[in-house]
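A short write-up of the structure that comes next.
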Amino acid sequence: GAVGHAAIQLARWAGARVITTVSSPEKAALATAAGAHHVVNYRTDDAAAAIRAIAPEGVDQVVEVSPARNAALNAQVIANHGSISVYATDGGAEMTLDVRHHFSLNARYQFLLLYTVGDAALAAAAEDITRALEDGVLPVGEGAGLPLTRFPLERAGEAHDAVEAGTVGKVLIDVTEA
């Protein structure tokens, strides 16, 4: 998705080694195009083993869209003092955590909702994103790992259908007048 795509690009820009999980070879190609150093297919690989092979000490930061579904995986790969940042949920409203395990790692879950992070955090994010844009590190499009599917305004219904069908990338409606 768009947030994961931007997370890969911003992490690379910040100097991180990026490991991402995907569900298909097509999404692996997109993650690689976005800048991921390593791609693990969680449907065909033992994701925890593959990630630990790349990062034996664990990962410092997880950017998470499915915390309930991925709680066990996150627990297996998070490093000591690592953070799991949750920005959405697409797989369950509740999760169970092994408190002792997370406690022993000093691990942190950080839930993020844009509307409530506060003005200071929004301003800092805007500054960082502006710098990243100025540095040219947030491209989009198929070659950059985020395909764009465009529809003219009069075909907005088809755009909605494309979203419902799970079109990979972003579906855009062009509202400019000809």
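The values are calculated or read from the model by the stated rules, or taken from the named source; none is laboratory data. Treat the numbers as computed from the prediction; the structure is a model and nothing was measured. Here the Cβ is made from the backbone with ideal geometry for all residues, glycine too, and neighbour counts use every protein chain on show. For the accessible areas, the whole protein counts, side chains as well, though only heavy atoms, and no ligand, DNA or RNA atoms are used. Shrake-Rupley method; radii C 1.70, N 1.55, O 1.52, S 1.80 Å.
Structural remarks
- In the range 54-63, residue farthest from residue 105 (Cα to Cα) [restricted to those that are out of contact with any helix residue (DSSP H, G or I) (no Cβ under 6 Å at 6 or more places or on another chain) and open to solvent by less than 80 Å² (accessible area, probe 1.4 Å)]: 54
- Filtered residues of the range 27-38 (kept if touching a Lys or Arg at 6+ places or on another chain (Cβ under 8 Å), surrounded by 16 or more Cβ atoms within 10 Å (Cβ to Cβ) and either over 16 Å from residue 6 (Cβ atoms) or modelled with pLDDT under 95 (or both)): 38
- Considering only residues in the range 64-82 that are open to solvent by 80 Å² or more (accessible area, probe 1.4 Å) and not polar (S, T, N, Q), the one that is farthest from residue 99 (Cα to Cα) turns out to be 69.
- Whichever residue in the range 66-89 is in contact with a Phe, Trp or Tyr (Cβ under 8 Å, 6 or more places away or on another chain) and hydrophobic (A, V, I, L, M, F, W, C) and, among such residues, is nearest to residue 23 (Cα to Cα): 73
For every residue, the table says whether it meets (1) outside the structural domain of residue 82 (by the TED database); (2) part of a helix (DSSP H, G or I); (3) among the hydrophobic types (A, V, I, L, M, F, W, C).
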site: 7; (1), (2), (3): no, yes, yes
site: 16; (1), (2), (3): no, no, yes
site: 27; (1), (2), (3): no, yes, no
site: 33; (1), (2), (3): no, yes, yes
site: 43; (1), (2), (3): no, no, no
site: 52; (1), (2), (3): no, yes, no
site: 57; (1), (2), (3): no, no, no
site: 60; (1), (2), (3): no, no, no
site: 63; (1), (2), (3): no, no, yes
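- Residue 135 being at pLDDT below 95 and over 20 Å from the mean Cα position of the chain (by Cα): no
- Those residues of the range 39-53 which are open to solvent by 30 Å² or more (accessible area, probe 1.4 Å) and under 14 Å from the mean Cα position of the chain (by Cα), in sequence order: 39
- Exactly one residue among 118, 143 is open to solvent by 50 Å² or more (accessible area, probe 1.4 Å) and small (Gly, Ala, Ser), and that residue is 143.
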